[in-house]
1. Looking at (1) open to solvent by less than 20 Å² (accessible area, probe 1.4 Å); (2) more than 22 Å from residue 68 (Cβ to Cβ), which is the one condition that is false for residue 195?
2. Being hydrophobic (A, V, I, L, M, F, W, C) and not in a loop (DSSP other than H, G, I, E, B) is the filter here, so list the residues in region 156-173 that pass it.
3. From the list 138, 125, 51, which residue is open to solvent by less than 30 Å² (accessible area, probe 1.4 Å) and either at pLDDT below 95 or of a type in the set (Ser, Thr, Tyr) (or both)?
4. Considering every residue within region 70-91, establish whether at least one is surrounded by 13 or more Cβ atoms within 10 Å (Cβ to Cβ) and touching a residue at least 60 places away in the same chain (Cβ under 8 Å).
5. For region 106-122, give me the residue count where each residue is closer than 20 Å to residue 198 by Cα and open to solvent by 90 Å² or more (accessible area, probe 1.4 Å).
6. Would you mind telling me which numbered condition in (1) surrounded by fewer than 16 Cβ atoms within 10 Å (Cβ to Cβ); (2) within 24 Å of residue 174 (Cα to Cα); (3) over 17 Å from the mean Cα position of the chain (by Cα) residue 42 fails?
7. Does region 122-134 contain at least one residue that is hydrophobic (A, V, I, L, M, F, W, C) and not in a strand (DSSP E or B)?
8. Please give the number of the condition residue 147 fails out of (1) touching a His at 6+ places or on another chain (Cβ under 7 Å); (2) open to solvent by 90 Å² or more (accessible area, probe 1.4 Å).
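The values are calculated or read from the model by the stated rules, or taken from the named source; none is laboratory data. Worth saying up front: this structure is predicted, and the values here are computed from it rather than measured. Counting neighbours? That spans all protein chains shown, and the Cβs are built from the backbone with ideal geometry, glycine included. Only protein heavy atoms, including side chains, enter the accessible area calculation; ligands, DNA and RNA are left aside. Shrake-Rupley method; radii C 1.70, N 1.55, O 1.52, S 1.80 Å.
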Amino acid sequence: SGVVSAVLSAIAPSAAMANEAEQLFNTLKPALYQIRLIEQATGNKSSIGSGFQIDESGVIATNYHVISGYVQHQNKFKLEYLDNQGNKAPLEVLDVDVINDLALVKRLDQSTSFFSLAPQPPSQGEKIYSLGNPHDLGMIVVPGTYNGLKEKSFYDRIHFTGSVNPGMSGGPTVNIRGEVVGINVATAGNQIGFLVPLDKLNQLYQGYQSR
């Protein structure tokens with residue numbers, strides 16, 4: 001498919017595949033956001049992370065730590081997104097899972113672009129791709145490998161062989177079909193990253209929907 005070719009070309013050195021790489025960005029970037037915490041008093045950015053839309057109603061998944069300052073101090077901060085067109089608008093917090101470092105927020109204006117969630121986890125050693133928008137209008141694709149759940153961890157975390165930029169926290173990691181398999185959460189440097197497993201996001205989203 002076009003997404004498969006585009007993902008492959010995003011990490012391939014051949015310049016001949018540049019057009020296919022562009023397809024990846026065009027397919028996925030409308031549903032990928034920079035999540036911004038803005039100081040009310042000064043208008044300055046306090047922190048940024050990434051987020052991705054998961055349904056046509058405008059629900060966006062991100063990390064709790066990306067928005068925690070707003071949740072704890074709503075009188076001091078405002079929460080907004082920046083999309084791939086440079087548009088900014090407020091976000092509403094729907095639900096959080098502090099234990100698994102997840103949050104659901106929602107754009108108040110609708111967008112029909114959203115990521116599909118994978119029906120099953122990747123296979124051990126499978127190539128996966130971490131996405132984020134840590135810089136203004138800049139989408140980053142980081143290739144890596146799925147290495148299963150981290151051992152001896154209090155919280156379930158996927159071990160991802162790839163460098164996750166701190167500003168990519170809350171962004172999606174996708175398989176070769178462009179389906180979300182995990183959520184960027186942390187980096188340990190030296191090509192070691194960690195992801196929140198997709199089932200944790202499914203549980204949070206299903207809980208929100210069942211209200």
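1. (2)
2. Our first condition is that a residue be hydrophobic (A, V, I, L, M, F, W, C); within region 156-173, this holds for 158, 160, 164, 168.
Passing the criteria: 158, 160, 168.
3. Working: 125 fails: open to solvent by less than 30 Å² (accessible area, probe 1.4 Å); 51 fails: either at pLDDT below 95 or of a type in the set (Ser, Thr, Tyr) (or both).
Sole residue among the options that is open to solvent by less than 30 Å² (accessible area, probe 1.4 Å) and either at pLDDT below 95 or of a type in the set (Ser, Thr, Tyr) (or both): 138.
4. The answer is no; no qualifying residue exists.
5. Narrowing region 106-122 to residues closer than 20 Å to residue 198 by Cα: 106, 113-122.
Filter once more, keeping what is open to solvent by 90 Å² or more (accessible area, probe 1.4 Å): 114, 119-121.
Adding up the residues that qualify gives 4.
6. Only one criterion in (1) surrounded by fewer than 16 Cβ atoms within 10 Å (Cβ to Cβ); (2) within 24 Å of residue 174 (Cα to Cα); (3) over 17 Å from the mean Cα position of the chain (by Cα) is unmet by residue 42, namely (2).
7. Going residue by residue through region 122-134, those that are hydrophobic (A, V, I, L, M, F, W, C) are 128, 131.
In the following step, the residues that additionally are not in a strand (DSSP E or B) were identified as none.
So far as region 122-134 goes, no, none of its residues is hydrophobic (A, V, I, L, M, F, W, C) and not in a strand (DSSP E or B).
8. Evaluating residue 147 over (1) touching a His at 6+ places or on another chain (Cβ under 7 Å); (2) open to solvent by 90 Å² or more (accessible area, probe 1.4 Å) leaves (2) as the failure.
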